[in-house]
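A short write-up of the structure that comes next.
The values are calculated or read from the model by the stated rules, or taken from the named source; none is laboratory data. Predicted model only: the values in this text are computed from it and were never measured. Ligands, DNA and RNA are excluded from the accessible area calculation, which covers all protein heavy atoms including side chains. Shrake-Rupley method; radii C 1.70, N 1.55, O 1.52, S 1.80 Å.
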Amino acid sequence: MKWIIVLAMIFAIGLADSCGGNCPAGKCPTCFCGTTKKMEDITAWCAKYNWDQSCCKCIVSHESGGNAHQMNYNINGSTDVGLWQINNINWGSCSNGHAPCDPNLNLQCAIKVYEWGGNSWKLWASHAGCGC
(Lines give C-alpha, C1' and ligand atoms only; values in the text may rest on other atoms or scores of the structure.)
Protein backbone atom coordinates (compact mmCIF):
# COMPACT_ATOMS: atom_id res chain seq x y z
CA MET A 1 0.00 0.00 0.00
CA LYS A 2 2.83 2.39 0.83
CA TRP A 3 4.32 1.86 -2.64
CA ILE A 4 1.06 2.83 -4.31
CA ILE A 5 0.96 6.10 -2.36
CA VAL A 6 4.60 6.83 -3.19
CA LEU A 7 4.01 6.12 -6.89
CA ALA A 8 0.91 8.32 -6.89
CA MET A 9 2.90 11.18 -5.33
CA ILE A 10 5.71 10.83 -7.89
CA PHE A 11 3.15 10.82 -10.70
CA ALA A 12 1.42 13.94 -9.29
CA ILE A 13 4.74 15.78 -9.01
CA GLY A 14 5.56 14.89 -12.62
CA LEU A 15 2.21 16.23 -13.81
CA ALA A 16 2.72 19.48 -11.89
CA ASP A 17 6.09 20.08 -13.55
CA SER A 18 4.69 19.44 -17.03
CA CYS A 19 1.35 21.17 -16.38
CA GLY A 20 -0.55 18.09 -17.46
CA GLY A 21 1.47 17.89 -20.68
CA ASN A 22 1.10 21.56 -21.59
CA CYS A 23 4.73 22.17 -20.65
CA PRO A 24 6.53 19.35 -22.50
CA ALA A 25 9.99 20.24 -21.17
CA GLY A 26 8.62 19.99 -17.63
CA LYS A 27 10.26 23.22 -16.50
CA CYS A 28 7.34 25.65 -16.26
CA PRO A 29 7.25 27.22 -12.78
CA THR A 30 3.57 28.13 -13.23
CA CYS A 31 0.81 26.53 -15.29
CA PHE A 32 -0.43 29.80 -16.82
CA CYS A 33 -2.73 27.98 -19.25
CA GLY A 34 -3.87 25.25 -16.90
CA THR A 35 -3.32 21.52 -16.93
CA THR A 36 -5.62 20.38 -19.73
CA LYS A 37 -4.70 20.47 -23.39
CA LYS A 38 -6.83 22.47 -25.82
CA MET A 39 -6.17 21.19 -29.32
CA GLU A 40 -7.17 23.52 -32.15
CA ASP A 41 -7.35 23.33 -35.95
CA ILE A 42 -4.15 25.09 -37.08
CA THR A 43 -5.42 25.71 -40.63
CA ALA A 44 -8.60 27.37 -39.36
CA TRP A 45 -6.69 29.65 -36.96
CA CYS A 46 -4.09 30.65 -39.55
CA ALA A 47 -6.89 31.55 -41.98
CA LYS A 48 -8.13 34.25 -39.60
CA TYR A 49 -5.45 36.70 -40.79
CA ASN A 50 -3.95 37.68 -44.11
CA TRP A 51 -0.42 36.30 -43.77
CA ASP A 52 1.42 33.55 -45.61
CA GLN A 53 -0.69 30.53 -44.74
CA SER A 54 2.02 27.90 -45.24
CA CYS A 55 4.41 29.81 -42.97
CA CYS A 56 1.70 30.27 -40.35
CA LYS A 57 0.85 26.57 -40.35
CA CYS A 58 4.52 25.61 -40.07
CA ILE A 59 5.20 28.13 -37.27
CA VAL A 60 2.17 27.07 -35.20
CA SER A 61 2.93 23.38 -35.82
CA HIS A 62 6.48 23.81 -34.55
CA GLU A 63 5.64 26.22 -31.73
CA SER A 64 2.61 24.52 -30.15
CA GLY A 65 1.49 21.61 -32.28
CA GLY A 66 -1.98 23.18 -32.21
CA ASN A 67 -2.29 23.09 -28.40
CA ALA A 68 -3.73 26.46 -27.36
CA HIS A 69 -2.56 25.77 -23.79
CA GLN A 70 1.04 24.93 -24.74
CA MET A 71 3.66 26.61 -22.55
CA ASN A 72 7.43 26.82 -22.72
CA TYR A 73 9.76 28.12 -20.04
CA ASN A 74 12.87 29.56 -21.69
CA ILE A 75 16.43 29.51 -20.36
CA ASN A 76 16.33 33.31 -20.02
CA GLY A 77 13.45 33.01 -17.53
CA SER A 78 10.70 34.09 -19.92
CA THR A 79 7.60 32.07 -20.78
CA ASP A 80 5.86 31.47 -24.12
CA VAL A 81 2.20 30.44 -24.29
CA GLY A 82 -0.53 29.53 -26.75
CA LEU A 83 -0.80 28.54 -30.38
CA TRP A 84 1.81 31.07 -31.52
CA GLN A 85 3.87 30.84 -28.29
CA ILE A 86 3.63 34.51 -27.35
CA ASN A 87 6.45 35.50 -24.99
CA ASN A 88 5.57 37.14 -21.68
CA ILE A 89 7.58 40.26 -22.58
CA ASN A 90 4.75 40.97 -25.07
CA TRP A 91 1.79 40.25 -22.79
CA GLY A 92 1.62 43.84 -21.51
CA SER A 93 1.31 45.16 -25.08
CA CYS A 94 -1.21 42.66 -26.37
CA SER A 95 -3.14 41.00 -23.54
CA ASN A 96 -3.23 43.44 -20.62
CA GLY A 97 -0.33 41.65 -18.94
CA HIS A 98 -2.07 38.27 -18.81
CA ALA A 99 -1.00 35.04 -20.47
CA PRO A 100 -2.87 34.89 -23.81
CA CYS A 101 -4.05 31.29 -23.42
CA ASP A 102 -7.35 31.93 -25.18
CA PRO A 103 -6.85 31.26 -28.92
CA ASN A 104 -8.57 34.52 -29.95
CA LEU A 105 -6.36 36.58 -27.66
CA ASN A 106 -3.28 34.62 -28.72
CA LEU A 107 -4.14 35.36 -32.37
CA GLN A 108 -4.41 39.09 -31.63
CA CYS A 109 -1.02 38.99 -29.92
CA ALA A 110 0.47 37.01 -32.81
CA ILE A 111 -0.78 39.61 -35.28
CA LYS A 112 0.92 42.37 -33.26
CA VAL A 113 4.20 40.44 -33.02
CA TYR A 114 3.99 39.71 -36.77
CA GLU A 115 3.50 43.43 -37.47
CA TRP A 116 6.34 44.39 -35.07
CA GLY A 117 8.55 42.11 -37.16
CA GLY A 118 7.78 44.14 -40.29
CA ASN A 119 4.90 41.86 -41.34
CA SER A 120 7.18 38.85 -41.19
CA TRP A 121 7.76 35.76 -39.08
CA LYS A 122 11.31 36.74 -38.11
CA LEU A 123 10.44 37.20 -34.43
CA TRP A 124 9.56 33.49 -34.05
CA ALA A 125 12.44 31.12 -33.33
CA SER A 126 11.02 28.55 -35.75
CA HIS A 127 10.85 30.94 -38.74
CA ALA A 128 14.14 29.83 -40.32
CA GLY A 129 13.30 26.13 -40.06
CA CYS A 130 9.99 26.89 -41.76
CA GLY A 131 11.66 28.89 -44.53
CA CYS A 132 9.73 32.00 -43.58
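Percent of C-alpha pairs per 10 Å bin in the chain, short distances first: 13, 42, 29, 9, 5, 1, 0. The 1.4 Å probe gives accessible areas that order TYR49, TYR114, TYR73, largest first, as TYR73, TYR49, TYR114. The share of accessible area on the chain that comes from carbon and sulfur is 58 percent, using a 1.4 angstrom probe.
Computed with a 1.4 Å probe over protein heavy atoms only, the accessible surface of the stretch 10-132 comes to 50 Å² per residue. The angle between the Cα long axis of helix 2-18 and the longest principal axis of the Cα atoms of the chain comes to about 10 degrees, rounded to the nearest 10. Taking Cα atoms only, the orientation of helix 103-116 departs from the longest principal axis of the chain by about 50 degrees. Taking Cα atoms only, the orientation of helix 53-63 departs from the longest principal axis of the chain by about 20 degrees.
For the stretch 64-132, what class follows from the C-alpha gyration tensor (a ≥ b ≥ c being the square roots of its eigenvalues): rounded when a/c is under 1.5, otherwise prolate if a/b is larger than b/c, else oblate? Note, shape of the stretch 64-132 comes out rounded.
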